[in-house]
Amino acid sequence: MFEHTQAVKSQVLARPLTGQVALVTGASSGIGRGVALSLAAAGADVVVNYVSGTDAAQAVQAEIEALGVRALTVQADVSAEADVDAMFEQITRELGAIDIVVANAGLQRDSAIEDMALADWRRVLDVNLTGQFLCARAAVRAFKRQGLRGVSKSLGKIVCMSSVHEVIPWAGHANYAASKGGVMMLMKTMAQELAPAG
């Protein structure tokens with residue numbers, strides 16, 4: 001009995017996210033891919049969100065499944081409210097719940113401020129900041145709807161990926177730096193608001 005208990009404890013320590021479902025936005029490459037694989041290695045089932053590049057997303061899905069957990073690819077533009085809502089509905093329908101959301105998707109469209117097109121300003125803010133808001137809002141709604149599931153001490157976890165440029169100015173990148181400054185305040189405000197609910 002003691003040996004069995006020790007074996008179970010070792011497995012939990014090695015894969016502490018077993019039984020949890022994690023969404024990583026922008027997970028088909030770069031930092032998002034690395035985060036998705038790390039969550040899978042820790043035992044979580046992982047949703048690979050991407051906006052384009054189906055082959056790359058499916059390759060990440062295969063890497064995750066090779067780690068012995070479930071994976072799902074979902075194409076969705078995080079800056080589009082309908083896409084985000086549909087993504088969360090699909091996750092709940094196919095994987096049963098959502099416990100961790102890593103809002104990672106982001107992009108740059110750089111230029112000097114005098115040359116920056118309004119469309120480029122808006123697109124960066126829409127993806128980098130509004131996308132994080134939409135995913136966080138959907139996550140909070142899902143966490144509260146499903147309640148405490150017994151796989152974690154919290155209702156859920158939200159990780160907002162930002163940048164050193166949330167505090168460090170970056171000439172030629174006004175839209176990007178503004179979006180990341182917004183992410184910092186979004187995170188702090190959500191923490192203050194949501195902590196009492198777990």
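The values are calculated or read from the model by the stated rules, or taken from the named source; none is laboratory data. Everything quoted here is computed from the prediction, not taken from an experiment. Ideal geometry is used to build each Cβ from the backbone, glycine not excepted, and the neighbour counts take in all protein chains shown. Side chains are part of the model used for accessible areas, which takes the heavy atoms of the whole protein and leaves out ligands, DNA and RNA. Shrake-Rupley method; radii C 1.70, N 1.55, O 1.52, S 1.80 Å.
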Which listed residue is within 24 Å of D110 (Cβ to Cβ), touching a helix residue (DSSP H, G or I) at 6+ places or on another chain (Cβ under 8 Å) and open to solvent by 30 Å² or more (accessible area, probe 1.4 Å), from M161, M187: M161
Only one of (1) part of a helix (DSSP H, G or I); (2) over 15 Å from the mean Cα position of the chain (by Cα); (3) touching a residue at least 24 places away in the same chain (Cβ under 8 Å); (4) more than 23 Å from S52 (Cα to Cα) fails for A195. Which number is that? (3)
Does G172 meet the test of being in a loop (DSSP other than H, G, I, E, B) and open to solvent by less than 50 Å² (accessible area, probe 1.4 Å)? yes
Lone unmet requirement of (1) open to solvent by 30 Å² or more (accessible area, probe 1.4 Å); (2) outside any helix (DSSP H, G or I) for V69: (1)
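May I ask you to verify whether V46 is more than 16 Å from G106 (Cα to Cα) and of a type outside the set (S, T, Y)?
yes
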Output the residues belonging to the range 25-47 that are of a type in the set (V, I, T) and under 16 Å from A76 (Cβ atoms). T25, V46, V47
Among V124, V167, V140, which is the only one that is over 21 Å from R70 (Cβ atoms), over 15 Å from the mean Cα position of the chain (by Cα) and open to solvent by less than 40 Å² (accessible area, probe 1.4 Å)? V124
The condition from (1) farther than 19 Å from G131 by Cβ; (2) open to solvent by 30 Å² or more (accessible area, probe 1.4 Å); (3) in contact with a helix residue (DSSP H, G or I) (Cβ under 8 Å, 6 or more places away or on another chain); (4) without any contact (Cβ under 8 Å) to a residue 40 or more places away in the chain that T92 misses is numbered (4)
Just to check your reading of the model, which residue among R93, R109, R70 is charged (D, E, K, R) and within 23 Å of A178 (Cβ to Cβ)? R109
